[in-house]
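The block underneath contains the structure these notes are about, expressed in structure tokens.
The values are calculated or read from the model by the stated rules, or taken from the named source; none is laboratory data. Because the structure is predicted, anything quoted here is derived from the model rather than measured. Don't worry about glycine lacking a Cβ; one is built from the backbone with ideal geometry, like all the others, and counts go over all protein chains shown.
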Amino acid sequence: MRGKQAPKRKINPDIKFNRLDIAKFINYIMNDGKKTVAQNIVYDAFEIIAKKTKKDPLDIFDLAFKNISPAVEVRSRRIGGANYQVPIEVRGERQFTLASRWLLDVTRKKSGTSMANRLANELIEASKNQGEVVKKKEDVHKMAESNRAFAHFA
């Protein structure tokens with residue numbers, strides 16, 4: 001790595017729930033700088049979750065992210081002319097980033113309904129430990145488990 005590492009930017013909490021993780025998630029959803037559109041998508045999804053599950057959408061959001069956040073991942077390391085997939089523990093910040101990325105990839109792939117509806121459905125499924133996002137996390141964990149023999153290269 002050359003030069004200095006870029007300083008972390010401080011982001012403000014979201015306007016409705018005053019939480020940093022939701023503000024960060026809104027920023028991930030945002031396209032072309034249209035933050036109000038992204039906020040409307042997230043807040044509409046929360047309303048849909050509240051109607052469908054009759055539970056607090058923040059609890060569903062937290063539980064879903066707990067279920068889809070990876071604990072370990074594999075990183076490629078070149079050692080002695082061979083590439084090894086080395087399992088490495090995932091830091092908390094990267095856990096949230098990966099979980100958000102996977103959730104949005106799955107949500108954007110689906111079609112038919114509004115983005116808020118698709119996001120709400122994926123969050124509800126993830127909170128029940130089901131769905132494509134949970135499968136993605138399990139695949140990453142399986143990959144790390146199968147390459148556990150190379151953990152000493154970390």
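General observations
- Pairs with Cβ under 8 Å, 6+ apart, first in the range 53-71 and in contact (Cβ under 8 Å) with a residue 40 or more places away in the chain, second of a type in the set (Lys, Arg) and in a helix (DSSP H, G or I): 67/137; 68/136; 68/137; 69/137; 70/137
- Residue 144 satisfies every condition listed in (1) under 16 Å from the mean Cα position of the chain (by Cα); (2) modelled with pLDDT under 90; (3) of a type in the set (Gly, Ala, Ser) except (1).
- Residue identified as exposed (fewer than 13 other Cβ atoms within 10 Å of the Cβ), within 17 Å of residue 29 (Cα to Cα) and among the small types (Gly, Ala, Ser) among 146, 76, 100, 111: 111
- Among the conditions (1) out of contact with any helix residue (DSSP H, G or I) (no Cβ under 6 Å at 6 or more places or on another chain); (2) among the small types (Gly, Ala, Ser); (3) touching a residue at least 40 places away in the same chain (Cβ under 8 Å), the only one that residue 100 does not satisfy is (1).
- Number of positions in the range 56-96 that are assigned to a loop (DSSP other than H, G, I, E, B) and not polar (S, T, N, Q): 7
- One residue alone among 140, 133 is in contact with a Leu (Cβ under 6 Å, 6 or more places away or on another chain), assigned to a helix (DSSP H, G or I) and in contact (Cβ under 8 Å) with a residue 40 or more places away in the chain, and that residue is 133.
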